[in-house]
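In what follows, a structure is listed as structure tokens, so that the remarks can point back to it.
None of the figures in this text is laboratory data; all of them are computed from the coordinates on show. Predicted model, so just to flag it, every value in this text is computed and none were measured. Here Cβ is always computed from backbone atoms with ideal geometry, including for glycine, and neighbour counts include all displayed protein chains.
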Amino acid sequence: MRLDTIALVIIVIFGVLWLAIWITGLLTAIPFGIFGLGFIAIALGLLIMVIYQRLTNAEDDYYDKNIDQ
């Protein structure tokens, strides 16, 4: 495995742990924590949409593979 892949996996693991701790903290602040969960859901939805659009865009793939930087 390449070093950048290992670093990315570690960052993702810490990000998921941070998000789980954040959600747990919001739930302890009920009823006000529910509003925070809404913002988290919106942010995650936007992130998923951006990643999905990037992965399914053939034009971006073409420029990544064929155009020199």
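Based on the Kirkwood radius over alpha-carbon pairs, what value in µm²/s does the Stokes-Einstein equation return for the translational diffusion coefficient of the chain at 4 °C and 1.567 mPa s? Could you put the intermediate results ahead of the total?
Numbers: Rh = 14.9 Å.
Translational D for this selection: 87 µm²/s.
Restricting the trypsin sites (Lys or Arg not before Pro) of the chain to loop positions (DSSP other than H, G, I, E, B) with no more than 13 neighbouring Cβ atoms within 10 Å leaves R2.
Rounded to the nearest 10 degrees, the angle from helix 33-55 to the longest Cα principal axis of the chain is 10 degrees. For the chain, the longest principal axis of the Cα atoms and the long axis of helix 3-28 meet at an angle of about 20 degrees.
What number, rounded to the nearest 500 deg cm²/dmol, is the helix-based mean residue ellipticity at 222 nm of the chain, given -39500 (n - 2.57) per DSSP H run of at least four residues and division by all its residues? Intermediate results must be reported in sequence, preceding the final value.
Values: 3 runs with 58 residues, N = 69.
Theoretical 222 nm ellipticity from helices: -29000 deg cm²/dmol.
Stretched out straight at 0.36 nm per residue, the stretch from D60 to L17 would grow longer than its current Cα-Cα span by 12.4 nm.
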